[in-house]
Amino acid sequence: MELIRSNSTKQKNTVEAVKEVTSKLHTEPSLLLFFTSTTHSFQEVTALFNAQYPNCEVVGLTTTGEIGPSGFLENGLVAMSFAKSIGQISTVLMNDISKYPIFSRNDLISSAKHIGINLNSQTLEKEGVALVFPNGLIAAEEKMLSIVNSIFPHEGFPVFGATAGDDAKFIETFISLNGEVSSKGGVVIFMKPTVDFVMLKENIFTSTGKSMKITKADTEQRIVYEFDGKKATTIYANRLGVKENELDQYFMTNPLGRRFNNEIFIASPFQILPNGAIQFYCQVFQDSIVEILEPKNPVETLQQTLHTFKSEFTELEGVLAFNCILRKLQFQSHGLFQELNRELEKLPNLGGFCSYGEQFNKSLVNQTLVLLGLGKKR
């Protein structure tokens with residue numbers, strides 16, 4: 001029996017959409033994930049899935065574009081079911097990840113222990129994986145990640161996830177766990193799988209070689225006031241060689257990169273503030289050095305990524321994929337979906353969505369594709 005099944009639909013009628021998308025899923029899975037456009041009422045979709053799957057964990061999110069078995073789609077509904085034989089599953093709804101994430105810490109500890117995860121293991125990478133799904137637009141992803149990672153005394157427990165979206169309306173996002181809907185919380189799924197898994201992060205940018213030092217910032221609010229001791233917009237535009245009043249037109253193609261262990265983590269600018277400061281989609285840190293990036297060929301990069309990813313497995317059961325909204329907008333503007341989907345549809349039982357941020361171990365990243373594959377490793 002297939003351990004993972006996925007399906008998608010663009011059916012506009014919500015009842016029919018849920019009926020269609022569940023027609024190819026397991027009848028009694030241990031975990032059901034759904035990712036829905038805001039064209040459907042999230043409360044209605046949540047109620048329908050929970051009515052159909054009363055005996056399993058049901059987790060849902062609003063999106064800003066979906067990823068199904070055939071790749072990227074718009075205004076759709078995607079669902080994935082995980083068979084009971086995939087392993088042990090436990091879940092936690094963190095009610096308010098912006099103000100009170102610490103209140104969920106004991107629940108997280110109990111949930112992980114409940115399925116046999118040894119929190120004190122010296123080889124945490126072998127203990128399982130946590131899927132984290134925060135709400136967007138409340139700037140709380142790092143707080144949520146910090147609490148999840150804090151339950152492990154040692155480094156190395158795999159954490160993977162993405163932030164809920166709202167079809168680029170930037171008003172309110174939603175997540176749900178077993179029928180309970182929240183716009184301020186986040187869901188954590190602990191999984192102790194019976195199969196192997198591989199996590200991979202794709203970067204379609206490379207450094208221009210131009211760097212700046214963050215000399216005045218508000219980490220909590222994700223704002224940079226100054227680079228190299230001067231107004232943020234002035235220095236950023238100057239390094240790029242563009243007019244300061246046109247700088248925001250280059251945010252999508254020239255984000256900033258933070259380098260850790262020679263690996264680039266992308267920090268994407270969100271908006272210019274009236275005082276010439278720049279607000280970002282993720283936290284930026286005082287006195288850190290950031291590099292201005294430029295894009296690589298997205299199709300060629302995806303081909304290389306998927307070749308590397310698939311070569312890790314002798315059998316690949318299914319894939320979770322989360323893609324940043326800014327990549328989606330870039331792909332749309334260049335008409336790349338058809339070419340990219342030709343590559344993505346080669347992945348078995350693919351499901352996921354376009355998000356307002358991606359979680360990868362201890363970091364919130366932007367303008368990234370993250371993949372989690374489950375199966376048998378080579």
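The values are calculated or read from the model by the stated rules, or taken from the named source; none is laboratory data. Keep in mind the model is a prediction, meaning the values are calculated, not measured. Virtual Cβ from ideal backbone geometry, glycine too; neighbours counted across all protein chains shown.
Yes/no matrix, rows are residues, columns are (1) surrounded by fewer than 23 Cβ atoms within 10 Å (Cβ to Cβ); (2) over 18 Å from residue 68 (Cα atoms); (3) in the same structural domain as residue 260 (by TED's automatic domain parsing); (4) among the aliphatic types (A, V, I, L, M):
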| position | (1), (2), (3), (4) |
| --- | --- |
| 347 | yes, no, no, yes |
| 352 | no, no, no, no |
| 355 | no, no, no, no |
| 360 | yes, yes, no, no |
| 363 | yes, yes, no, no |
| 366 | no, yes, no, no |
| 369 | no, no, no, yes |
Notebook entry, point to check: What do you reckon, is residue 216 closer than 24 Å to residue 368 by Cβ and assigned to a strand (DSSP E or B)?
Noted result: no
Margin query: Checking the condition out of contact with any Phe, Trp or Tyr (no Cβ under 6 Å at 6 or more places or on another chain) and within 24 Å of residue 87 (Cβ to Cβ), which residue from 182, 176 passes?
Written below: 176
Margin query: So residue 19 passes all but one of these: (1) of a type in the set (Lys, Arg); (2) without any contact (Cβ under 8 Å) to a residue 24 or more places away in the chain; (3) closer than 28 Å to residue 128 by Cα. Which condition number does it fail?
Written below: (3)
Check: Do you know which residues across the range 58-76 are of a type in the set (Val, Ile, Thr) and either in contact with a helix residue (DSSP H, G or I) (Cβ under 8 Å, 6 or more places away or on another chain) or not assigned by TED's automatic domain parsing to the domain that holds residue 345 (or both)?
Finding: 58, 62, 64, 67
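Go through the range 49-89 residue by residue and tally those that are assigned to a loop (DSSP other than H, G, I, E, B) and aliphatic (A, V, I, L, M).
Number satisfying all stated conditions: 1.
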Note to self: Looking only at residues that are crowded, with 16+ Cβ neighbours inside 10 Å and among the hydrophobic types (A, V, I, L, M, F, W, C) in the range 49-76, which one is farthest from residue 12 (Cα to Cα)?
What the structure shows: 56
Next item on the list: Exactly one condition in (1) part of a strand (DSSP E or B); (2) at pLDDT below 95 is not met by residue 254; state its number.
Entry: (1)
Margin query: Take the residues in the range 123-158 that are in a strand (DSSP E or B) and over 18 Å from residue 283 (Cα atoms); name whichever of them is farthest from the chain's Cα centre (by Cα).
Written below: 129
Next item on the list: Determine which member of the set 235, 266 is buried (at least 19 other Cβ atoms within 10 Å of the Cβ), of a type in the set (Val, Ile, Thr) and without any contact (Cβ under 8 Å) to a residue 24 or more places away in the chain.
Entry: 235
Checklist line | Exclusive hit being in contact with a strand residue (DSSP E or B) (Cβ under 9 Å, 6 or more places away or on another chain), over 15 Å from residue 294 (Cβ atoms) and either polar (S, T, N, Q) or not assigned by TED's automatic domain parsing to the domain that holds residue 360 (or both), set 239, 258 | finding: 258
Check: Based on what the data block shows, is residue 218 modelled with pLDDT of 90 or more, under 24 Å from the mean Cα position of the chain (by Cα) and acidic (Asp, Glu)?
Finding: yes
Notebook entry, point to check: Looking at residue 206, is it touching a helix residue (DSSP H, G or I) at 6+ places or on another chain (Cβ under 8 Å) and either surrounded by fewer than 19 Cβ atoms within 10 Å (Cβ to Cβ) or free of Cβ contacts under 8 Å to residues at least 40 places away in the same chain (or both)?
Noted result: no
Check: Within the range 37-48, can one find any residue that is in a strand (DSSP E or B) and buried (at least 22 other Cβ atoms within 10 Å of the Cβ)?
Finding: no
Next item on the list: Could you figure out which of (1) outside the structural domain of residue 309 (by TED's automatic domain parsing); (2) in contact with a strand residue (DSSP E or B) (Cβ under 6 Å, 6 or more places away or on another chain); (3) modelled with pLDDT of 95 or more isn't true of residue 178?
Entry: (1)
Checklist line | Residue list for the range 174-191, restricted to those being surrounded by fewer than 20 Cβ atoms within 10 Å (Cβ to Cβ), in contact with a helix residue (DSSP H, G or I) (Cβ under 9 Å, 6 or more places away or on another chain) and of a type outside the set (Asp, Glu) | finding: 178, 179, 181
Margin query: Checking the condition under 30 Å from residue 354 (Cβ atoms), surrounded by fewer than 21 Cβ atoms within 10 Å (Cβ to Cβ) and of a type outside the set (A, V, I, L, M), which residue from 126, 99, 113 passes?
Written below: 99
